[in-house]
Amino acid sequence: MKITVVGAGAVGATTADNIVRKELAEEVVLLDIKEGLAEGKAQDMSQTAALLGFDSKIIGVTNDYAQTAGSAVAVITSGIPRKPGMTREELIGTNANIVRNVAENLLKHSPEVILVVVSNPMDTMTYLALKATGLPKHRIIGMGGTLDSSRFRYQLSLRLGASPADLNAIVIGGHGDTTMIPLIKHATWNSVPVTQFLSAEEQQQIVADTMVGGATLTKLIGTSAWYAPGASSAAVVESIIRDQKKLFTASVYLEGEYGQHDINLGVPVVLGKTGWERILDLPLDEEEKAAFAKSADAVRNMNNVLKEIGAL
Ligand SMILES: NC(=O)c1ccc[n+]([C@@H]2O[C@H](COP(=O)([O-])OP(=O)(O)OC[C@H]3O[C@@H](n4cnc5c(N)ncnc54)[C@H](O)[C@@H]3O)[C@@H](O)[C@H]2O)c1
Ligand SMILES: O=C(O)C[C@H](O)C(=O)O
């Protein structure tokens with residue numbers, strides 16, 4: 001079985017590295033448009049096999065989609081990342097055409113593929129991939145909420161002095177600085193609501209820090225993050241490939257769920273061998289419902305830009 005990762009930059013290479021270490025496929029193909037980049041990174045990763053003890057084969061290719069033929073899952077990370085001070089939404093003009101072109105090329109060689117879209121602005125890029133390819137909705141998954149939820153658990157763990165592994169907490173809505181919704185009232189520490197241990201101010205601060213998690217790292221590093229994004233993308237792929245039925249927040253096509261239509265937005269979904277298998281219906285209160293509707297409005301505005309720039 002084969003998995004492809006498109007984009008051999010920071011996030012793509014880290015995703016591929018996690019995938020080979022977990023031995024999720026016999027063969028991993030890393031593809032980039034930049035001559036030699038994917039080949040070099042794949043060779044570098046291959047040279048860790050003797051030390052780390054994995055048997056997966058990884059090859060790098062320059063824009064050669066024939067090598068990706070028959071992929072079960074493909075992760076799209078190609079495109080530009082933001083610089084400090086930018087929003088993810090500002091990347092649309094460059095990334096839309098890249099993502100559309102990559103998704104179409106992948107489909108030509110792997111008609112049964114499940115696509116995991118990572119490139120930003122992620123919800124809109126996922127919507128674009130769905131509309132451009134016409135793939136069944138269950139086979140297009142936007143990765144963002146898995147990362148945001150992991151960051152939320154990190155922020156909670158710092159304040160609570162708890163292990164992130166003991167915390168159950170999710171972020172829904174868009175993958176944007178102002179559109180994501182960390183559901184703190186639903187978060188638990190081994191089934192005890194975290195709100196029991198945190199003041200209102202502390203709760204607000206955790207939510208705020210989670211929402212700007214990506215922007216904070218971009219400011220510190222000078223470009224956007226890759227370790228947690230790569231690990232999150234690989235975790236999504238693992239649940240699909242191993243049919244784990246894990247519950248992750250992912251950007252999926254909504255047809256009435258959570259009161260939304262014709263949009264990709266982050267909601268809790270079960271991930272298994274057919275892609276996203278079902279959406280979990282969370283009982284949101286009025287405040288959370290209003291935040292979700294506002295998030296949807298913002299993402300829909302970005303989706304409309306796709307038409308303006310001729311990507312759809
Ligand atoms: N959804 C998320 O949670 C999340 C997390 C982190 C980063 N991202 C996004 O992922 C994208 C990649 O980030 P990065 O840090 O890896 O950037 P990067 O610049 O390190 O890597 C991007 C790679 O894409 C390649 N590329 C560009 N056009 C291509 C094409 N047509 N075909 C194949 N490859 C192509 C580039 O050559 C480059 O190697 C960005 O858009 C970033 O915003 C999303
Ligand atoms: O912050 C970014 O621009 C990259 C990514 O979406 C992230 O959340 O790390």
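All of the numbers you see were taken from the coordinates with simple rules; none came from a lab. Given the structure is predicted, the values throughout are model-derived calculations rather than measurements. We place every Cβ from the backbone using ideal geometry, glycine too, and count neighbours over all the protein chains shown.
A viscosity of 1.567 mPa s and a temperature of 4 °C, combined with the Kirkwood radius over C-alpha pairs in the Stokes-Einstein formula, give region 133-195 a diffusion coefficient of 102 µm²/s. Across region 2-142, Cα pairs under 8 Å and at least six residues apart give a relative contact order of 23 percent. Shape summary: region 145-308 maps onto an equivalent ellipsoid whose semi-axes, from the alpha-carbon gyration tensor, are 23, 19, 18 Å in decreasing order. In this Cβ point-charge picture (+1 for Lys and Arg, -1 for Asp and Glu), the chain has a dipole of about 240 debye about its Cα centre.
The calculated P(r) of the chain, using every Cα pair and 20 Å bins from 0, goes 35, 58, 7 in percent. A simple spin-label model places pseudo-atoms 7 Å from Cα toward Cβ; at residue 94 and residue 242 they are separated by 3.5 nm. Its relative contact order, with pairs defined as Cα atoms under 8 Å and 6+ residues apart, puts region 54-118 at 48 percent.
Comparing 250, 291, 221 along the charge dipole axis of region 205-297, the residue lying farthest to the positive side is 221, per the Cβ-charge model.
Across region 192-235, counting alpha-carbon atoms alone, Rg and Dmax equal 13.8, 38 Å. Charged side chains reduced to their Cβ positions (Lys and Arg at +1, Asp and Glu at -1) give region 72-129 a dipole of some 160 debye around its Cα centre. Ellipsoid semi-axes for region 237-309, based on the Cα gyration tensor and the rule √(5λ), read 24, 17, 9 Å when sorted largest first.
Dividing the mean sequence gap of close Cα pairs (under 8 Å, 6+ apart) by how many residues region 182-312 holds gives a relative contact order of 14 percent.
Which of the peptides 16-26, 50-60 is most tightly packed, and how do the rest follow, going by the mean number of other Cβ atoms within 10 Å of each residue?
For the peptides 16-26, 50-60, the packing ranking is 16-26, 50-60.
In region 43-162, taking the dipole from charged Cβ atoms about the Cα centre, the farthest positive-side position among 118, 76, 52 is held by 118.
For region 2-142, the equivalent ellipsoid derived from the alpha-carbon gyration tensor has semi-axes of 24, 18, 13 Å in decreasing order.
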